[in-house]
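Please read the structure below before turning to the comments.
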Amino acid sequence: MAHLLGQLVVGLIVGVCAKLLVPGRDPGGIIVTALIGVAGAFVGSFIGRAFKKQADYSAGWLMSIIGAIVLLVLYRMVAA
């Protein structure tokens, strides 16, 4: 449970970082961007587990930001 809460907090910060790294207008705003950051943290963990083959692997900051940027770009393509 603490792991999920940690990813939630990290995801909110990561969403803000992704917003700063990918300039432009978002169709949703800061709340949607933060939620995309949370999802990016989970996506980053999933990608990391695919390469590390460890069940308890959690994404680091870099993988979380990359996951959030990918989701943010996809969201902009779909919503715009």
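The values are calculated or read from the model by the stated rules, or taken from the named source; none is laboratory data. Computed from a predicted structure; not experimentally measured. Note: ideal-geometry Cβ built from the backbone for every residue, glycine included; neighbour counts use all protein chains shown.
For a quick check of your reading of the model, give me the residue pairs whose first member lies in the stretch 65-78 and is closer than 15 Å to residue 20 by Cβ, whose second is among the polar types (S, T, N, Q), with beta-carbon atoms closer than 9 Å and at least 6 apart or on different chains. Listed pairs, sorted by first residue: 68/33; 72/33.
Looking across the stretch 46-80 at every residue that is aromatic (Phe, Trp, Tyr) and part of a helix (DSSP H, G or I), the one that is modelled with the highest pLDDT is identified as 75.
Mind counting the residues in the stretch 15-45 that are of a type outside the set (Lys, Arg) and part of a loop (DSSP other than H, G, I, E, B)? Matching residues across the stretch 15-45 total 7.
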